[in-house]
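Reviewing the structure listed below.
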Amino acid sequence: MQTSADLLSRMKQLHPLMIDLSLARIERLLADLDHPERALPPVIHIAGTNGKGSTLAFLKAMLAAAGSRVCAYSSPHLVRFHERICVPDETGKCTPIEETALVDVLARTLGANDGAPITFFEITTAAAFLAFREAQADVALLEVGLGGRYDTTNVAKTPALCVITPVSLDHMDKLGDTLAKIAFEKAGILKPGVPAIIAQQPDEALEVIEQIANDVGAPLQIWGRDFDAFEQNGRLVFQSEDQLMDLPLPALQGRHQIRNAGLAIAALQFWSNKGTRPTKTAPRQTVSEDAIAVGLTTVSWPARLQRLSNGPLVASLRENSELWLDGGHNAAAGQALAQAVADLEERSPKPLVLITGMMQGKDARGFLAPFKGLATRITAVPIARALNDLGDEARRAGALADLARDMGFCADAMQNLAQG
């Protein structure tokens, strides 16, 4: 009997020797699958550098609180591939796809592809679209994998709404070495006549986004001009031209989550009140202030400044110690995490030991710099799947520790956490 693990392994073997940035492979496969991307529920398409996943999580929680049936596509997964494709279960709750259903859409997609070269992300995205076409949902949330203009998810040509989270430097080998070049790729999801909600951006990035929006005819709602969100007296305050909301703080930790939550609220406010004209097949979704409040307090997005409460690593901690987990890996993420840690330090002072691993090509220096004066020690660990030019993984972790010491940190390296 086939398993999803077997099918996913076969899909990885189809990866082209050379990858060209285009949509030709996915468009060919989707045509052979009778174009599931043209029969999706109304789509909210989310691009950006940081905060895409958290913004999607807020949208999912708020829409669920409003009674909507939601599909959601995100990457990468934490533990099981199933997490990438979330569909309504029998109760209507958006949950990771079940094994039987996943095997079905993977097998059909593999059959239609018929051995042709295709990337893992492309073929699994096609499988997600198959699942979403058949899910009887009210809305589909699509997170861009990389960039936007040539990202596989950009085959969704008629989204109901687009969202661009903050743009910063990351994946520069593929997207460009300036904020303007990266913003150009992210803004590739903008479509004629489709409203777009734009997060707070560096001036260089916002200028590019506004120019592309003007060129394609996409109306924008921009942070700081059309809406704002901030913490005040232990509450989240959201304000726009025609609405003021006094809301609970989000369950996700960190000031950056105020911004992600505010972006999601702005998207849903526009969706509810001013969005694209409703039709019989794409009715307007109404999300009340009460539903937004419930979504803020029930949202879940693991490994985003998450305090771990059990497991072998937690059991090994010294008394009164805490273990927090986050997947941030670029300079902007480092700044957000350092600010969050500083806020925690202000409330409950404790020494900070930063345990980190970085894949080749990441800006480790930019990520670590904001922790100057905060981290008492940095411990570098290898990432088992990383491909690098430093030899074995022990040498790679050693190089990261050397970099940290060069920056003035007290640093060491371990081959695995069990050493500590």
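The values are calculated or read from the model by the stated rules, or taken from the named source; none is laboratory data. Small disclaimer: the values here were computed from a predicted structure and weren't measured. For neighbour counting, all protein chains shown are included, and Cβ atoms are generated from backbone atoms with ideal geometry for every residue, glycine included. Each accessible area value is taken on the protein alone, full model and side chains, heavy atoms only, with ligands, DNA and RNA left out. Shrake-Rupley method; radii C 1.70, N 1.55, O 1.52, S 1.80 Å.
List of remarks:
- When the residues of segment 244-258 are filtered to those that are open to solvent by 50 Å² or more (accessible area, probe 1.4 Å) and not in a loop (DSSP other than H, G, I, E, B), the one that is modelled with the lowest pLDDT is Arg255.
- The set of residues in segment 50-60 that are open to solvent by less than 20 Å² (accessible area, probe 1.4 Å) and not small (Gly, Ala, Ser) comprises Thr55, Leu56, Phe58, Leu59.
- Reported count of residues in segment 356-376, each being of a type outside the set (Phe, Trp, Tyr), touching a strand residue (DSSP E or B) at 6+ places or on another chain (Cβ under 9 Å) and within 24 Å of Lys52 (Cα to Cα), is 5.
- Qualifying residue in segment 125-133 (condition: of a type in the set (Val, Ile, Thr) and at pLDDT 95 or above): yes
- Residue in segment 383-393 that is at pLDDT 80 or above, within 29 Å of Glu319 (Cα to Cα) and either under 28 Å from the mean Cα position of the chain (by Cα) or assigned to a loop (DSSP other than H, G, I, E, B) (or both) present: no
- When segment 153-168 is filtered for residues that are at pLDDT below 95 and touching an Asp or Glu at 6+ places or on another chain (Cβ under 7 Å), only Ala156 remains.
Conditions (1) closer than 21 Å to Gly254 by Cα; (2) open to solvent by less than 60 Å² (accessible area, probe 1.4 Å); (3) assigned to a loop (DSSP other than H, G, I, E, B); (4) touching a residue at least 24 places away in the same chain (Cβ under 8 Å), marked per residue:
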site	(1), (2), (3), (4)
Val314	no, yes, no, no
Gly328	yes, yes, yes, yes
Ala332	yes, yes, no, yes
Gln335	yes, no, no, yes
Ala338	yes, yes, no, yes
Ala342	yes, yes, no, yes
Val353	yes, no, no, yes
Arg365	no, no, no, yes
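- For segment 217-236, taking the residues that are assigned to a loop (DSSP other than H, G, I, E, B) and open to solvent by less than 50 Å² (accessible area, probe 1.4 Å), the one that is nearest to Val294 (Cα to Cα) is identified as Gly234.
- Residues that are among the small types (Gly, Ala, Ser) and under 14 Å from the mean Cα position of the chain (by Cα) were ranked within segment 130-167; the one that is nearest to Phe120 (Cα to Cα) is Gly145.
- Condition check for Leu14: part of a loop (DSSP other than H, G, I, E, B), touching a residue at least 60 places away in the same chain (Cβ under 8 Å) and not basic (Lys, Arg): yes
- In the set (1) in contact (Cβ under 8 Å) with a residue 60 or more places away in the chain; (2) over 29 Å from Ile19 (Cα atoms); (3) not in a loop (DSSP other than H, G, I, E, B), Pro41 fails one condition alone, (3).
- Answer residue from segment 21-36, given it is touching a Lys or Arg at 6+ places or on another chain (Cβ under 8 Å) and closer than 30 Å to Ala264 by Cα and is surrounded by the most Cβ atoms within 10 Å (Cβ to Cβ) among those: Pro36
- Qualifying residue in segment 291-306 (condition: at pLDDT 95 or above, surrounded by 13 or more Cβ atoms within 10 Å (Cβ to Cβ), under 25 Å from the mean Cα position of the chain (by Cα) and of a type in the set (Phe, Trp, Tyr)): no
- Gln211 meets all of the listed conditions (1) without any contact (Cβ under 8 Å) to a residue 40 or more places away in the chain; (2) of a type in the set (S, T, N, Q); (3) within 17 Å of Ala332 (Cβ to Cβ) but one, namely (3).
- Contact annotation: residue pairs with Cβ atoms under 6 Å, 6 or more positions apart or on different chains, pairing a residue in segment 218-247 that is touching a residue at least 24 places away in the same chain (Cβ under 8 Å) with a partner that is open to solvent by 50 Å² or more (accessible area, probe 1.4 Å) and part of a strand (DSSP E or B), are Asp228/Gln239.
- Scoring Gln239 on the criteria (1) open to solvent by less than 60 Å² (accessible area, probe 1.4 Å); (2) in a strand (DSSP E or B) leaves a single failure, condition (1).
- Test: residue in segment 68-90 that is over 30 Å from Ala332 (Cβ atoms), without any contact (Cβ under 8 Å) to a residue 24 or more places away in the chain and open to solvent by 20 Å² or more (accessible area, probe 1.4 Å): yes
- Single unsatisfied condition, Ala39 versus (1) at negative phi; (2) crowded, with 23+ Cβ neighbours inside 10 Å: (2)
- Residue within segment 371-381 that is more than 19 Å from Arg318 (Cβ to Cβ), at pLDDT below 85 and out of contact with any Asp or Glu (no Cβ under 6 Å at 6 or more places or on another chain) present: no
- Segment 17-38, subset in a loop (DSSP other than H, G, I, E, B) and of a type in the set (A, V, I, L, M), residue farthest from Val144 (Cα to Cα): Leu17
- Those residues of segment 100-113 which are without any contact (Cβ under 8 Å) to a residue 60 or more places away in the chain and either in contact with a Pro (Cβ under 7 Å, 6 or more places away or on another chain) or of a type outside the set (S, T, N, Q) (or both), in sequence order: Ala101, Asp104, Val105, Gly111
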